[in-house]
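Step one of this worksheet: look at the structure below.
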Amino acid sequence: MPGITDKDLLFQLREGSEEAFRELYARHNRQVFAFAYHLTHSAVDAEDILQDTFLRLWSSRGQLPDIERVDNYIFMIARNRTMDHLRRVSLQQKLIDQVWANISEVSDELEQQLDAAESKRLISSALEGLSEQKQTIFWLSRQRGMSHDEISRQLHLSRSRVKNLLVETLRHVRQYLAKHSILLAVMFQLACLHWA
């Protein structure tokens, strides 16, 4: 529509002219798309914002004010639509981050449980080849947290005998774990500092 200004088109749009609407779209859609794309970095989102912008222009055509700069008005709608979109995306990202954090927490907990189960299985295997006395001393020390003195009283052994048997047992378990898992062997070594 050569010779017709945006303001003329706006007047026709207020009267319900689809042709005027199509012309305004043809004149301004590329700039609106470029603006939305620059802020969202997404062609799909920019296209949605473009459609929303002109849908809003069409649906509010009967209430449009007398506007001097129609391009500015269209960009104001586009800006508002873009900001709404970015706020929604930001909220969704926060929700996604929260869900991911929760999943990671559960995953970490599960991994620790699996590590603990694997560790327990390997330690049990290591102990199978030892005497019943060594196994008993180990479990009293490890599971019940009993001291050398408490174990010696319960098993009627000298404190030094309990300590020696426990040291031998810990050495055996540590060597067994080292053959199967370096990480578990290191963790076990650290735990030994507490038990011995």
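Measuring r between the beta carbons of residue 66 and residue 4 and using R0 = 25 Å, the FRET efficiency lands at 0.90. With contacts taken as Cα pairs under 8 Å and at least 6 residues apart, the range 3-98 reaches a relative contact order of 32 percent.
The 3J(HN,Hα) values that the Karplus relation (6.51, -1.76, 1.60; θ = phi - 60°) gives for the range 143-151 are, in residue order, 7, 8, x, 7, 7, 4, 4, 5, 5 Hz. Gly and Pro appear as x. Heavy-atom accessible area with a 1.4 Å probe sorts 94, 134, largest first, into 94, 134. These residues, 142, 153, go from largest to smallest accessible area, 1.4 Å probe, as 153, 142. When the surface is traced with a 1.4 Å probe over the full set of protein chains, residue 168 keeps roughly 80 Å² accessible. In a DSSP loop and with at most 12 other Cβ atoms within 10 Å, the trypsin sites (Lys or Arg not before Pro) in the range 1-69 are 69.
The values are calculated or read from the model by the stated rules, or taken from the named source; none is laboratory data. This one's a predicted model, so the numbers in the text were calculated from it and none came from an experiment. All Cβ positions, even for glycine, are placed from backbone atoms using ideal geometry, and neighbour counts span all protein chains on display. SASA here: full protein model, heavy atoms, side chains in, ligands and nucleic acids out. Shrake-Rupley method; radii C 1.70, N 1.55, O 1.52, S 1.80 Å.
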